[in-house]
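Right, one structure below, let's go through it.
The values are calculated or read from the model by the stated rules, or taken from the named source; none is laboratory data. Computed from a predicted structure; not experimentally measured. Cβ placement follows ideal geometry from the backbone for every residue including glycine, while neighbour counts extend to all protein chains displayed. Ligands, DNA and RNA are excluded from the accessible area calculation, which covers all protein heavy atoms including side chains. Shrake-Rupley method; radii C 1.70, N 1.55, O 1.52, S 1.80 Å.
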Amino acid sequence: MVQISRWQLVLVGLVLVLGIAFALPNLVGKQTAESLPDWLPHKQVSLGLDLRGGSSLLLEVDVDSVFTEQLENIVESIRLDLRQARIGYTDLGLEGDEVVFTIRDPSQVQRARELLAPQLQDTLFSLSDEGVGRIVLTDQARASRRNSVMQQTAEIVRRRIDETGTREASIQRQGEDRVLVQVPGIEDPERIKTLLGKTAKLNFRLVNTDVPANAPRIPPGSELLPSDDQDLSGLPRSYVVRKRVMVSGDNLVDAQATFQDGAPVVSFRFDSVGAQRFAQVTRENVDRPFAIVLDDRVISAPNIQEPILGGSGIITGSFTVEEVQDLALLLRAGALPAPLVILEERSVGPGLGEDSIRAGEFAAILGMILVVVFMAAAYGLFGLMANVALITNLVLILGALSVLQATLTLPGIAGIVLTIGMAVDANVLIFERIREETRNGRGPVTSIDAGYKRALTTIIDSNLTTLIAALLLFQFGTGPIKGFAVTLAIGLVTSMFTAIMVTRVMVILWLRRRRPVRLPI
């Protein structure tokens, strides 16, 4: 262990130089760091909500609207099936949380049962001999759908926030139908609220040209939707749109803000399934208006000039540049399965973060001073070498946090303070072993060699078990627990490197230079 190769020296030096380089941007202001050339390290440690401040939003998911939409889809499916089978019906619609209808001819009741029953999975379906039908969702289907909606909502909310460039937002489910969103360092909270408040459910439907928008009665299977367009008189225009969705926004794989003829537009691209459907619909409906519907509002209704076979297109309208950017962002992130309602908004000011940082800095500095004094008093010159390694360890932690862009929270600072105390454990084990070998009459070289060899296994075992605990905390913990686990895990890795490699290099170089007869330990 008293021999060190050239490549090991190069490796230690390279790691130290990189650690210092990535840690240095944290010593200057944010604007100064961002103005550095791209080839230089310029990332700073990402501070969490408790240190940097930000916004906390409590959102409620309107899960009931999902159940209503599911029942409405059943209504449309029953209407289509019964019409195609030429089975007469009446009073088809929703009553509360169930679908009701009546078969006109009792002699066709059994035929209707055989037609509808196989398609109504996860429902309680009853059709009396008199022809009165009722369909409700089962409790199991509702619970499964609710859980799926909440998971999908949390994931899409995370995508939308990440698309804005905001990192490490905390998104947690609360109760059955609520989501807590905490966004650190947010500069435009109103834009975040606007993005989260839009469902962004996009679909493509045919316009019912047989019925004018001012018709007193809209036929079944169609609905009147508003739009952002204006008619010749300057009033908002409405469209009678068929309820059947020809192509769903779920088939979108990309959406980007771009320009066409100098106007901002959104270009989109479908997956293979969506591209086939889009090609078929445009091929069969040339010269007919095709409505692009976003959140039950027609944003554009162009005429299909020719079949669109490439699976891509553009969305035009009276958009600003920011509006097309937000629309493209929403379409890329995906549609929310249900509308969100902001129940509570709280702001965490930077004052709390500054106080926490000052308290953490004080604890870290005080802890370091006490450790440095103890090591110098207990082990003399070797203790001073361990103190140099301790300072190096802190620099490496700061550099690693900057590279990984791991969020530093108040518990994360606690993890760093804990690392300061644990960082010298390996050196203590090594130095005590060297002392023991010296007392047994061994020379300096053999004492140092035996000290490092025999303590190495204990060092690896103790740090490895703590590292496993930190990884489990990160995997199964949330929020502050993850922040603590991140800094603890990084600190363990860097402290093992500095204790085993950095101090060993210093001890070996000192040993070769001074060739002491007796070790000062």
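Worth pointing out:
- Number of positions in region 3-45 that are within 21 Å of V507 (Cα to Cα) and of a type in the set (A, V, I, L, M): 9
- Qualifying positions in region 185-231 - at pLDDT below 75 and more than 20 Å from V341 (Cβ to Cβ): G185, E187, D188, D228, D229, Q230, D231
- When V99 is tested against (1) under 40 Å from the mean Cα position of the chain (by Cα); (2) modelled with pLDDT of 90 or more; (3) open to solvent by 20 Å² or more (accessible area, probe 1.4 Å), only condition (3) is not met.
- The residue that is surrounded by the most Cβ atoms within 10 Å (Cβ to Cβ), among those in region 401-444 that are over 47 Å from the mean Cα position of the chain (by Cα) and of a type in the set (G, A, S), is G443.
- Residues of region 469-496 that are out of contact with any helix residue (DSSP H, G or I) (no Cβ under 7 Å at 6 or more places or on another chain) and closer than 23 Å to R454 by Cα: V493 alone.
- In summary, strands (runs of 3 or more DSSP E) completely within region 88-182 and bearing 3 or more residues that are hydrophobic (A, V, I, L, M, F, W, C) occur at 98-103, 123-127, 132-137.
- Flag if L16 is open to solvent by 20 Å² or more (accessible area, probe 1.4 Å) and either free of Cβ contacts under 8 Å to residues at least 40 places away in the same chain or in a helix (DSSP H, G or I) (or both): yes
- Residue within region 272-287 that is modelled with pLDDT of 85 or more, among the aromatic types (F, W, Y) and either outside the structural domain of D229 (by TED's automatic domain parsing) or surrounded by fewer than 20 Cβ atoms within 10 Å (Cβ to Cβ) (or both) present: no
- Against the test of being assigned to a loop (DSSP other than H, G, I, E, B) and either open to solvent by 60 Å² or more (accessible area, probe 1.4 Å) or touching a Pro at 6+ places or on another chain (Cβ under 8 Å) (or both), the options Q305, Q325 yield a single qualifying residue, Q305.
- The single condition among (1) at pLDDT 75 or above; (2) within 24 Å of the chain's Cα centre (by Cα); (3) open to solvent by 50 Å² or more (accessible area, probe 1.4 Å) that S56 does not meet is (3).
- Every residue from region 409-424 that is of a type outside the set (A, V, I, L, M, F, W, C) and in contact (Cβ under 8 Å) with a residue 60 or more places away in the chain: T409, P411, G412, G415, T419
- Whichever residue in region 232-253 is farther than 21 Å from S267 by Cβ and modelled with pLDDT under 80 and, among such residues, is surrounded by the most Cβ atoms within 10 Å (Cβ to Cβ): P236
- Residue match in region 372-386 (condition: among the aliphatic types (A, V, I, L, M) and part of a loop (DSSP other than H, G, I, E, B)): no
- Summed over region 250-296, residues that are part of a loop (DSSP other than H, G, I, E, B), touching a residue at least 24 places away in the same chain (Cβ under 8 Å) and out of contact with any strand residue (DSSP E or B) (no Cβ under 9 Å at 6 or more places or on another chain) total 0.
- Of all residues in region 473-514, those being free of Cβ contacts under 8 Å to residues at least 12 places away in the same chain and not basic (K, R) number 4.
- Filtered residues of region 155-181 (kept if open to solvent by 50 Å² or more (accessible area, probe 1.4 Å) and either at pLDDT 75 or above or touching a strand residue (DSSP E or B) at 6+ places or on another chain (Cβ under 8 Å) (or both)): E155, R158, R159, R167, E168, Q172, R173, Q174, G175, E176, R178
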